[in-house]
1. Using Cα pairs under 8 angstrom and six or more residues apart, how large is the relative contact order of the stretch 62-107, in percent?
2. Using the charge dipole of the stretch 38-140 (Lys, Arg: +1 at Cβ; Asp, Glu: -1 at Cβ; taken about the Cα centre), state which of Pro116, Asn67, Leu97 has its Cα farthest towards the positive end.
3. Determine which lysines satisfy two conditions relative to Lys65: a Cα distance under 20 Å, and not lying fewer than 8 residues away in the same chain.
4. Applying a 10 Å radius around every beta-carbon, put 71-82, 112-123 in order of their mean neighbour count, most first.
5. Can you give the net charge of the other residues whose Cβ lies under 12 Å from the Cβ of Asp63, counting K and R as +1 and D and E as -1?
6. Determine, from the Cβ-Cβ distance of Lys65 and Thr127 and an R0 of 35 Å, the FRET efficiency 1/(1 + (r/R0)^6), rounded to the nearest 0.05.
7. Order the peptides 84-91, 55-62 from the highest to the lowest mean number of other Cβ atoms within 10 Å of their residues.
8. Stretched out fully, how many nm does the piece from Trp50 to Ser75 gain, at 0.36 nm a residue minus the Cα gap?
Amino acid sequence: MTIRIALLFTMLGLAGTLTRGAQPNAGLFAGRPKVGERMTYLMTGVNENWKYQVEASGVVRKDSKGNLVEEYTWSHLVSNGVAVTLPVSGSQFRQILSLDPSKPPLLPPNLGVVPPALIGPILDFATFNVDLWLAGRLAG
């Protein structure tokens with residue numbers, strides 16, 4: 001089976017560039033994020049015949065070890081042009097992305113607890129984060 005995925009990440013809010021720096025609301029692209037900083041991404045994807053659009057809203061916080069992470073919630077899922085109401089398990093799921101360039105990106109937790117329609121977008125977002133991490137390591 002051939003899987004083709006096309007992703008378009010559109011940052012909503014104040015950030016207008018995709019560069020590392022002190023941009024407010026820059027999320028994954030920020031060089032020096034601050035605790036409490038918020039960001040929203042509108043993600044669209046195509047996987048064979050399935051088209052989706054979903055919103056990932058995040059906030060920067062410190063984890064239990066004091067490391068900066070982004071914690072995302074998922075909402076506003078549209079699957080093949082039809083709005084999908086996420087069950088409670090989908091709205092309660094939190095995807096954590098590390099902001100520490102010296103540590104490998106975090107893998108999503110147990111995907112068995114999320115609605116099947118969110119698995120693809122969650123993994124796509126994690127892949128995007130890994131790509132950013134690798135690009136940062138190569139550029140640094």
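1. Reported as a whole number, the value is 41 percent.
2. The Cα lying farthest towards the positive end belongs to Asn67.
3. Cross-link targets: Lys34, Lys103.
4. In decreasing order of mean packing, 71-82, 112-123 become 112-123, 71-82.
5. Around Asp63, the charge tally is +2.
6. Efficiency at R0 = 35 Å is approximately 0.90.
7. 55-62, 84-91
8. Gain on extension, Trp50 to Ser75, equals 7.2 nm.
Read-outs throughout are calculated quantities, based only on the coordinates presented, and are distinct from any laboratory measurement. Please read all numbers here as calculations on a predicted model, not as lab measurements. Note that each Cβ is placed from the backbone with ideal geometry, even for glycine, and that neighbours are counted across all protein chains shown.
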